[in-house]
Amino acid sequence: MKKPILILPCSGIGKSFGSIARDATFRVCDELRPGKADTLCLSLLVMGDEEARQKVASSQCIVIDGCPLACSKNNVVRSESNVVAEFRVMDLLRENRGLKPKEVTFLDEDGEKLAKILADKLAEKVDELVEESP
Amino acid sequence: MKIKPKIGVVSCSGECCGLGTLSRVATRMVLEDLRYDQTVTICLPLFLAGETQEHGFAKEYPTIAVDGCNKHCAYKAITKYSKEPAAGFDVEALLKEWGVEEPKTRRVLDAENVEVAKRIAELLAEKVDEIQEAS
Amino acid sequence: MSGYYETTADKFIFKVKKDLQYSKDEVWVKQESTGNIRVGLTDFGQRRAGDLVFAEVQPVGTKVTSGTFMGSYETIKMVQDILSPADGEIVEVNPAIISKPEVINSDPYGEGWVAVIKPTSSLSGLLSAEEYFEVMKIKVVDELKKIKG
């Protein structure tokens with residue numbers, strides 16, 4: 001069985017973008033592509049958890065950042081990792097100008113819409129990577 | 001008049017399970033509503049990435065770490081890069097103490113879990129008050 | 001010695017660059033050796049706005065007057081006009097802010113400059129850095145809730 005693709009969202013708690021990144025990740029891992037995509041705690045990785053480090057080192061990783069501060073990417077690349085794709089919620093906002101996701105704790109309607117759009121793109125990417133992998 | 005310091009509240013990022021989501025939601029409830037004027041958001045991913053404003057605040061002011069499980073990522077991170085938090089919460093331990101089941105999903109909390117989050121948030125809010133009074 | 005005046009509110013540090021002038025509309029002004037002025041958004045202005053998703057500026061050749069529209073920026077919270085700090089003509093627009101508006105957030109006084117204006121009258125009504133710093137500190141206290149998000 002092929003190794004799951006690892007999706008690592010920033011999970012930023014100060015902005016809606018972090019919540020959207022997180023929500024989209026869970027949609028893919030738990031609903032759209034269970035078994036083909038997985039995630040793990042970013043903070044566990046940065047704090048040096050050996051299991052997390054090995055998982056990241058041995059997997060193809062997709063990073064999702066909410067905003068240009070790029071915390072997921074910046075934290076993941078400091079560890080031995082193979083980042084094969086990057087997504088930014090801000091880029092999706094530009095492609096979907098009418099959406100104004102404001103809520104952080106529980107996503108509002110626009111946040112849900114954006115999370116779904118992101119999840120669909122992630123699922124496509126996961127399919128592509130799974131197809132290509134040996 | 002005694003000026004009470006603001007308290008930084010930091011949740012674990014908790015992508016692994018529903019406990020992380022519970023942790024995050026409870027933390028947001030305090031930051032956004034219960035103790036809006038008395039608290040400051042410390043974003044853990046930003047903190048771990050080395051953001052100076054997050055580090056600076058956590059060194060200077062009291063913080064509360066809210067961890068989903070016993071790995072205590074938030075507590076350890078704040079301790080390592082700034083200073084030991086004034087308080088730490090372990091949501092997994094709290095749920096065990098209350099005899100409450102862990103959330104079954106991690107993306108969306110059901111109504112019951114939202115009530116649990118509120119309960120945790122109330123505890124956090126009390127702790128904010130306690131730390132402010134003591135400082 | 002720092003080239004900035006700084007003030008801290010909660011965890012946020014707000015900076016005012018010392019060698020610039022400022023309008024009350026959160027626009028900084030740098031007088032260049034050519035006689036033109038380079039302008040941009042202040043640190044407080046970008047922080048209050050939040051993450052910029054779009055930025056637009058009137059094209060080169062546009063005549064502007066002080067206090068009137070020269071461009072705008074958009075975040076999830078707001079669409080805000082950028083008001084010209086002077087009378088003149090736009091002679092250069094920063095392409096970086098159109099393709100990557102976040103540069104205004106990350107480097108408002110440097111790479112995030114907005115436009116260059118050729119003034120057609122002498123500059124008036126601008127604040128020195130010290131004067132603006134005092135004004136900004138008051139605004140920070142009032143606006144912290146919006147910035148906190």
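Only the coordinates and a few stated rules stand behind these numbers; no lab work does. The structure presented is a predicted model; accordingly, all values stated were derived computationally and were not measured. Please note: Cβ atoms are built from the backbone with ideal geometry, for glycine as well, and neighbour counts cover all protein chains shown.
Which trypsin sites (Lys or Arg not before Pro) in region A:81-132 sit in a loop by DSSP (not H, G, I, E or B) and have at most 16 other Cβ atoms within 10 Å of their own Cβ?
Answer in residue order: A:Arg97, A:Lys102.
Just to be sure I follow the definition: excluding the sites themselves, where is the longest run in chain C that has none of the trypsin sites (Lys or Arg not before Pro) in a DSSP loop with at most 15 other Cβ atoms within 10 Å? List each step's numbers first, then the result.
Working: sites that count: C:Lys18, C:Lys24, C:Lys77.
Value returned for the longest uninterrupted segment is C:78-149.
Give me the lysines in straight-line cross-link reach of C:Lys118: C-alpha distance below 17 Å, same-chain residues under 8 apart excluded.
Excluding near neighbours in sequence, the set is C:Lys30, C:Lys63.
Loop only per DSSP, at most 16 neighbouring Cβ atoms within 10 Å: give me the GluC sites (Glu not before Pro) in region C:8-99, ordered by residue number.
Values: sites: C:Glu26, C:Glu32, C:Glu56, C:Glu74, C:Glu89, C:Glu92; in loops: C:Glu26, C:Glu32.
Counting only loop positions with at most 16 other Cβ atoms within 10 Å, the GluC sites (Glu not before Pro) in region C:8-99 are C:Glu32.
Based solely on C-alpha atoms, express the radius of gyration and the Dmax of region A:5-128 in angstrom.
Gyration radius and largest Cα-Cα distance of region A:5-128: 13.5, 43 Å.
Just to be sure I understand: of the beta bridges DSSP finds with both ends in the protein assembly as shown, what percent are antiparallel, rounded to 5? Intermediate values should be presented prior to the final figure.
On the way: 33 of 57 bridges.
Beta bridges within the protein assembly as shown, antiparallel portion: roughly 60 percent.
Would you calculate the separation in nanometres between label points at C:Ser99 and B:Glu122, each defined as 7 Å from the Cα along the Cα-to-beta-carbon direction?
About 5.5 nm separates the two model spin labels.
Using only Cα atoms, find the angle between the long axis of helix C:129-148 and the longest principal axis of chain C, and express it within 0 to 90 degrees, rounded to the nearest 10.
Once rounded, the angle reads 60 degrees.
Pairs B:Lys80/B:Lys127; B:Lys59/C:Lys11; A:Lys113/B:Lys104; B:Lys71/B:Lys96; C:Lys24/C:Lys77: which exceed 18 Å Cα-Cα? Mind dumping the intermediate values first?
Numbers: B:Lys80/B:Lys127 22 Å; B:Lys59/C:Lys11 11 Å; A:Lys113/B:Lys104 23 Å; B:Lys71/B:Lys96 16 Å; C:Lys24/C:Lys77 21 Å.
Violating the 18 Å limit, Cα to Cα: B:Lys80/B:Lys127; A:Lys113/B:Lys104; C:Lys24/C:Lys77.
Between region C:92-117 and region B:41-73, what's the alpha-carbon centroid distance in Å?
Region C:92-117 and region B:41-73 have Cα centres spaced 31 Å from each other.
Starting from the coordinates of the alpha-carbon atoms of chain C, obtain the Kirkwood hydrodynamic radius over all distinct pairs and give the value in Å to one decimal. Each step should come with its number before you reach the end.
On the way: mean 1/r = 0.0654 Å⁻¹.
It is 15.3 Å.
Within region C:117-137, whose backbone N sits under 18 Å from a point 7 Å along Cα→Cβ of C:Glu92?
Those under the cut-off are C:117-120.
Once you have the alpha carbon radius of gyration of chain B, what is it after dividing by 2.2 N^0.38 Å, with N set to its residue count?
Numbers: Rg = 14.1 Å, N = 135, 2.2 N^0.38 = 14.2 Å.
With N residues counted in chain B, Rg over 2.2 N^0.38 Å equals 1.00.
Which of the GluC sites (Glu not before Pro) found in region C:96-138 are in a DSSP loop and have at most 16 neighbouring Cβ atoms, other than their own, within 10 Å? Show your work: numbers first, answer last.
On the way: sites: C:Glu102, C:Glu111, C:Glu130, C:Glu131, C:Glu134; in loops: C:Glu111.
Passing both the DSSP loop test and the Cβ count: C:Glu111.
Arrange the following residues from fewest to most other Cβ atoms within 10 Å of their Cβ: B:Trp98, C:Trp28.
Details: B:Trp98 11, C:Trp28 28.
The fewest-first ordering by Cβ neighbours comes to B:Trp98, C:Trp28.
Please rank C:Asp142, A:Asp38, A:Asp65, C:Asp19, fewest neighbouring Cβ atoms within 10 Å first, as an exposure proxy.
Numbers: C:Asp142 8, A:Asp38 21, A:Asp65 26, C:Asp19 11.
Going from sparsest to densest Cβ surroundings: C:Asp142, C:Asp19, A:Asp38, A:Asp65.
If each DSSP helix of 4+ residues adds -39,500 (n - 2.57) and the sum is divided by the residues in chain A, what number results at 222 nm, nearest 500 deg cm²/dmol? Can you show the working numbers first?
Values: 6 runs with 62 residues, N = 134.
The helix contribution divided over chain A gives -13500 deg cm²/dmol.
Can you give the FRET efficiency for C:Phe69 and B:Asp33, using 1/(1 + (r/R0)^6), R0 = 30 Å, r = Cβ-Cβ distance, to the nearest 0.05? Mind dumping the intermediate values first?
Numbers: r = 37 Å, r/R0 = 1.24.
My answer for the efficiency is 0.20.
For region A:38-93 and region C:11-58, what is the centre-to-centre distance using only Cα atoms, to the nearest Å?
Here the two parts' Cα centres lie 33 Å apart.
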